[in-house]
1. Just checking, does the stretch A:94-105 include any residue being under 22 Å from residue B:53 (Cα atoms), touching a His at 6+ places or on another chain (Cβ under 8 Å) and in contact (Cβ under 8 Å) with a residue 24 or more places away in the chain?
2. Any chance the stretch B:151-174 includes a residue that's surrounded by fewer than 18 Cβ atoms within 10 Å (Cβ to Cβ) and within 14 Å of another protein chain (Cβ to nearest Cβ)?
3. When you look at residue A:150, is it among the small types (Gly, Ala, Ser), surrounded by 15 or more Cβ atoms within 10 Å (Cβ to Cβ) and modelled with pLDDT of 95 or more, yes or no?
4. Residues B:57, B:85: which one is among the aliphatic types (A, V, I, L, M) and touching a Leu at 6+ places or on another chain (Cβ under 7 Å)?
5. Any idea how many residues of the stretch A:95-147 are surrounded by 17 or more Cβ atoms within 10 Å (Cβ to Cβ), of a type in the set (Val, Ile, Thr), closer than 19 Å to residue A:35 by Cβ and touching a Lys or Arg at 6+ places or on another chain (Cβ under 7 Å)?
6. For the stretch A:7-18, indicate whether the set of residues that are closer than 20 Å to residue A:135 by Cα, more than 7 Å from chain B (Cβ to nearest Cβ), more than 13 Å from the chain's Cα centre (by Cα) and crowded, with 22+ Cβ neighbours inside 10 Å is non-empty.
7. Every residue in the stretch A:53-72 that is closer than 12 Å to residue A:99 by Cβ and out of contact with any Asp or Glu (no Cβ under 9 Å at 6 or more places or on another chain), please.
8. Output yes when any residue across the stretch B:40-49 is over 13 Å from the mean Cα position of the chain (by Cα), more than 10 Å from chain A (Cβ to nearest Cβ) and surrounded by fewer than 24 Cβ atoms within 10 Å (Cβ to Cβ), and no when none is.
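The values are calculated or read from the model by the stated rules, or taken from the named source; none is laboratory data. Predicted, not measured: the structure shown is a model, and the values here were computed from it. Methodologically, a virtual Cβ is constructed for each residue, glycine included, from the backbone with ideal geometry; neighbour enumeration extends over all protein chains shown.
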Amino acid sequence: MTLPARSVPAQMLLDKLRRCGVRFVVSVPDTHQKSLLALLDGVRDIRTITCCTEDEALCVAMGMWIGGAPCAVMIQHAGLYACVNHLRGVGLDLKAPLFMLIGLLGRDVDKPPRENSGSMVRLAEPLLDTLGIRHYLVDGPEDVHLIEPAYRESLSGELPVAVLIGAATA
Amino acid sequence: MGMARGEALRAIAQHRGESVVISTMQVVQPWHALSPSPLNMTCIGFMGGASTLGLGIALARPDRRVAVLDGDGSLLMQLGSIATISGAAPANFHHFLFQNGVYETSGSQPIAASERIDFAQMALGAGYRAAYTFDDAGRFREELPGILDEDGPVLIVLKIDLVDEQVEWDAMRVDARDESRTVRRALLGA
């Protein structure tokens with residue numbers, strides 16, 4: 001991990017989603033990733049489905065997997081806390097391959113997430129650990145290569161995998 | 001007074017065709033008994049998830065009709081899902097709501113505003129293409145084929161009696177994880 005965490009250009013993330021073959025992004029809008037959401041608004045090959053809650057987003061993603069449509073879930077850390085039961089039920093019990101991009105809004109980019117003073121950032125990784133969910137930290141353009149293997153891991157292992165976006169996307 | 005749950009389910013089973021059907025809570029067992037199929041999916045363990053599970057399948061497979069058999073308590077738990085569904089506007093989506101006014105599983109405590117709540121109005125307000133309410137099984141059977149021919153999203157509220165048939169389906173057991181794989185294989189032809 002190289003600190004401070006740096007912004008990843010939205011185009012770079014979009015390119016990675018395309019490389020994964022993602023056809024849908026299922027989102028509860030995340031301020032941290034708003035430049036990516038704005039970019040997605042203008043593309044035709046990936047459709048964004050806006051949900052009211054993260055619970056819904058996980059269920060939509062599972063339904064899409066059942067129907068054979070590759071998708072990514074985009075939420076914020078607060079949403080991760082909000083959807084713990086659905087994440088458990090859909091991701092762990094039903095073993096849905098949920099690929100999640102989770103924004104660490106408000107992070108002090110000079111510190112690792114676990115050493116941040118704010119609980120929303122500090123507890124995200126420990127919560128995922130508690131649930132036994134694999135996670136990867138994208139702390140700058142040099143980490144973007146983690147995204148595609150994380151997506152493939154989710155799909156092939158039929159399990160939830162989280163990619164934490166360490167700094168607001170550019 | 002409403003109709004028996006079994007009567008409503010039999011009518012839906014008769015017209016399901018090749019639809020994917022997502023059931024939840026009290027309709028799970030009778031539905032599986034009345035309409036066994038590799039296209040049945042169950043929402044268990046994450047209450048309120050049936051509607052958006054169905055939405056995901058409907059969006060992934062616009063060539064396939066999707067029906068959700070929801071409960072009133074369940075829908076209230078994720079009420080925002082009707083806005084999400086309306087926003088995504090799946091034409092192949094029919095949302096059946098079994099309304100008995102109570103949380104039956106936990107001992108029939110009344111749902112909030114059980115005497116006044118109007119789900120059809122809420123669905124229309126959220127932007128569903130159409131919404132219907134039935135409390136009579138005969139009329140429901142008569143109108144169902146026409147409703148299923150309409151583009152969705154459509155909400156069909158079914159007023160259900162609390163006293164229900166106690167029959168053989170009490171012993172039915174389903175494994176939602178296995179079912180999800182079965183439905184996926186059936187849809188993907190794998």
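1. Step one: filter the stretch A:94-105 for residues under 22 Å from residue B:53 (Cα atoms), giving A:94-102.
Checking which are touching a His at 6+ places or on another chain (Cβ under 8 Å) leaves us with A:102.
Next, from what is left, pick out any that are in contact (Cβ under 8 Å) with a residue 24 or more places away in the chain: A:102.
Yes, the stretch A:94-105 contains at least one residue that is under 22 Å from residue B:53 (Cα atoms), touching a His at 6+ places or on another chain (Cβ under 8 Å) and in contact (Cβ under 8 Å) with a residue 24 or more places away in the chain.
2. Here is the first cut: in the stretch B:151-174, the ones surrounded by fewer than 18 Cβ atoms within 10 Å (Cβ to Cβ) are B:151, B:161-174.
Filter once more, keeping what is within 14 Å of another protein chain (Cβ to nearest Cβ): B:174.
The answer is yes, given that some residue of the stretch B:151-174 is surrounded by fewer than 18 Cβ atoms within 10 Å (Cβ to Cβ) and within 14 Å of another protein chain (Cβ to nearest Cβ).
3. Numbers: among the small types (Gly, Ala, Ser): yes; surrounded by 15 or more Cβ atoms within 10 Å (Cβ to Cβ): yes; modelled with pLDDT of 95 or more: yes.
Yes; evaluated as a whole, the condition is true for this residue.
4. Numbers: B:57 fails: touching a Leu at 6+ places or on another chain (Cβ under 7 Å).
Exactly one of B:57, B:85 is among the aliphatic types (A, V, I, L, M) and touching a Leu at 6+ places or on another chain (Cβ under 7 Å), namely B:85.
5. Residues in the stretch A:95-147 being surrounded by 17 or more Cβ atoms within 10 Å (Cβ to Cβ), of a type in the set (Val, Ile, Thr), closer than 19 Å to residue A:35 by Cβ and touching a Lys or Arg at 6+ places or on another chain (Cβ under 7 Å): 1 in total.
6. yes
7. Of all residues in the stretch A:53-72, those closer than 12 Å to residue A:99 by Cβ come to A:57-58, A:61-62, A:64-65, A:70-72.
Passing the criteria: A:57, A:58, A:61, A:62, A:64, A:70, A:71, A:72.
8. So far as the stretch B:40-49 goes, no, none of its residues is over 13 Å from the mean Cα position of the chain (by Cα), more than 10 Å from chain A (Cβ to nearest Cβ) and surrounded by fewer than 24 Cβ atoms within 10 Å (Cβ to Cβ).
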